[in-house]
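The values are calculated or read from the model by the stated rules, or taken from the named source; none is laboratory data. As the structure is a computational prediction, the values presented were derived from the model and not from experiment. Glycine also receives a Cβ, built like all others from the backbone with ideal geometry; neighbour counts cover every protein chain displayed.
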Amino acid sequence: MDKKITAAFYIIISVFSIFLLRLWYLQIIKGDEYKKIDERNRIRVIDIPAPRGIVYDRNNNALVKNVLSYDISMVREDMPEDTATLAELGGLIGLPMEHIIKLAKASASPYESVKLRRNVSFEEVARIEARKTDFPGLLVEVTSARGYLYGQTASHLLGYLSNPTPKQLSLPEFSNVPRQAFIGQSGIEKSYDSILRGVAGKKIVEVDALGNIIKFVRIQKPLRGEDIRLSIDINAQMEAEKSLEGQAGAVVALKADTGEVLAMASAPSFDPNLFVAGIERGAWSALINDPDKPLMNRAIQNQYPPGSTFKTITLLSALETGMVSEGTSVFCGGSTYFGRTFRCWKAGGHGGVNTHRALVESCDVYFYDIGKRINIDTISKYASAFGLGRPTGIELDGEGAGNLPSTQWKLKARKEKWYQGETLSVAIGQGYLTVTPIQMARLTAGLVNGGKIYKPHLLADAPPELERTVDVDQGNLDFIKRAMLGVVYEGGGTGGRARSNIVSIGGKTGTAQVIGGAIRGKLLSGKQQDHAWFISYAPQHDSQIAAAVFVEHGGHGGSAAAPIAKRVIEAYFNPPKPESEEEKQEAATGEAQAPEELKTEGQAPEEQIQGGQNQPAAAQEPQDVEGD
């Protein structure tokens, strides 16, 4: 019996020794580790996204703001594991079970709060709150979401938000950005994301076994993003968008003496509000597969032949080199021959035209004549000086460079020499020449501001960035500017539909021939229409605005693009406002006053605008000249 008692004693001592050793191991060796695990189960760190900065237009009208959003979240550790409960959770919050599992797997930590739904309705919040106890860890969070106040207006310029990609999260500039935060992915939202997004905060909370918050341990408040004021004018922007409705094309309007973007529209467009709560797969697929390419910013990305708008540079090149003068005349019989027949848009010809009338009536034969004699590298030199052939540097992604042909370019790109006959095509804005609408707007600004080439920019408070001043004769620029005024106000001018009673508008029409491609998926009358261009400025003296309008497959620049330029320019100079007594009287009588720029003391408006033939053409009605 004594031996049995002794054996039992040693067994008991051994068991207790094992327990003590295990307890020592857990408490001393693994104590810190298990303490951290316990803390993680009890203490949760929840990211607080910072409200983004507000975006205003130049007149302090809010374009983008933050709105209240109810988000549904759940900690991955608290998510149910059995499929039946997961399916029940999915039914409650309106998500397929597979999608919930995918979201959970994407989280970096089991204790990370996973956003299941964003921006849910108040009715959904009430329904979820009523059943929160059935799903431990399910949270309804009140956050801020982006609200684009004008819908599709300026969508390409403003851009959209989405969660950072894995590649973005690996970059240093996003090291402090929560995985489920929204960041700018295009437009201004992307270009100025670091300014707009602010700094995320954190709240450390204590939770019970069901994941319910029982105590706030510490809160680190987020730092709100900075507001920015854009250079765009929302009145001009909305008019540009409205004018392009139902068409494909672009409008760019710049402040001629600073490079500020006053309007930038691209059509067709998209609604950035689709991205506010995370765009659905079907909606995203519809956008990227749409043959009209609504996500493409045609104002800066697409590259097209400029058509006859380029004749302004061709003429400047010829004037600067002494190849023509203001008095040079050419007879246009409807075509000219140089290895083959080059036809004018006007089948019967323009007859005898001087330099001024050649630009006003857009006589192709006159510019073919220049093309017969001028060197392509001379044209390329002046076109390059005014910014063609390279991106403008505006703070938006994906800008196209266009193509500026020269002898060296063709040798490199085509392994062929340049032929003089090809210069005739370039002289009227065709051939290998391509440009973007923003390049043509900047070129126009340079023509009317004395040859100053500014870098276009979108921040209203940014100082102007003068890239260069083109070394050209000011008299030649003034001559071209007067001819552009004649395009709109003189008889036979191709831009009569841009004529305004509010402000004097000068411009140049262009019709670019189309080879191949499709017209938004359709053909018109069995054939494709040409692209329509119109570049313009206003007013005649001390010009403030320069604009380029492009209508894809729009037909003729004079009929399709010129009226759009007029509406955009008038919206800038004459924004909507309460009617004064004078305006009410004017509306009652139907009498509109001529622009002040076209008046002088004791002189009628029509006597102010005289072309090379000294004819008071302003008194004539606008004409629909369908050749350019």
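Here are some notes:
- Meeting the requirement of 2 or more residues that are at pLDDT 95 or above and hydroxyl-bearing (Ser, Thr, Tyr), the helices (runs of 4 or more DSSP H) wholly within segment 318-399 are 364-373, 376-385.
- Taken over segment 324-381, the criterion of being under 37 Å from the mean Cα position of the chain (by Cα) and at positive phi is satisfied by SER362 alone.
- Across segment 376-424, the qualifying residues are those that are of a type in the set (Gly, Ala, Ser) and free of Cβ contacts under 8 Å to residues at least 60 places away in the same chain, and the one among them that is farthest from LEU443 (Cα to Cα) is ALA413.
- Test result for LEU404, assigned by TED's automatic domain parsing to the domain that holds VAL514, under 24 Å from MET323 (Cβ atoms) and surrounded by 24 or more Cβ atoms within 10 Å (Cβ to Cβ): no
- Segment 431-470: number of residues that are of a type in the set (S, T, N, Q) and under 15 Å from ILE545 (Cα atoms): 3
- Considering segment 225-260, the residues that are β-branched (Val, Ile, Thr) and not in a helix (DSSP H, G or I) include one that is farthest from HIS457 (Cα to Cα), namely VAL251.
Residue-wise test of (1) farther than 23 Å from PHE182 by Cβ; (2) in the same structural domain as LYS203 (by TED's automatic domain parsing); (3) out of contact with any Leu (no Cβ under 7 Å at 6 or more places or on another chain); (4) modelled with pLDDT under 75.
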site	(1), (2), (3), (4)
GLU88	yes, yes, yes, no
ARG118	no, yes, yes, no
ALA145	no, yes, yes, no
TYR148	no, yes, no, no
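- Against the list (1) touching an Asp or Glu at 6+ places or on another chain (Cβ under 8 Å); (2) modelled with pLDDT of 95 or more; (3) within 21 Å of ILE370 (Cβ to Cβ), the condition ALA512 fails is (2).
So that you can scan it fast, the table gives a plain yes or no per residue for (1) closer than 22 Å to ARG76 by Cα; (2) at pLDDT 80 or above; (3) in contact with a Pro (Cβ under 8 Å, 6 or more places away or on another chain):
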| residue | (1), (2), (3) |
| --- | --- |
| GLU124 | yes, yes, no |
| GLY151 | no, yes, no |
| SER186 | no, yes, no |
| SER194 | no, yes, no |
| ILE204 | yes, no, no |
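- Check on SER559, among the polar types (S, T, N, Q), surrounded by fewer than 24 Cβ atoms within 10 Å (Cβ to Cβ) and either part of a helix (DSSP H, G or I) or modelled with pLDDT of 95 or more (or both): yes
- Any hit, segment 80-94, residues being under 36 Å from the mean Cα position of the chain (by Cα), over 23 Å from ARG44 (Cβ atoms), free of Cβ contacts under 8 Å to residues at least 40 places away in the same chain and surrounded by fewer than 16 Cβ atoms within 10 Å (Cβ to Cβ): yes
- Flag for LEU447 being on the phi < 0 side of the Ramachandran plot and crowded, with 21+ Cβ neighbours inside 10 Å: yes
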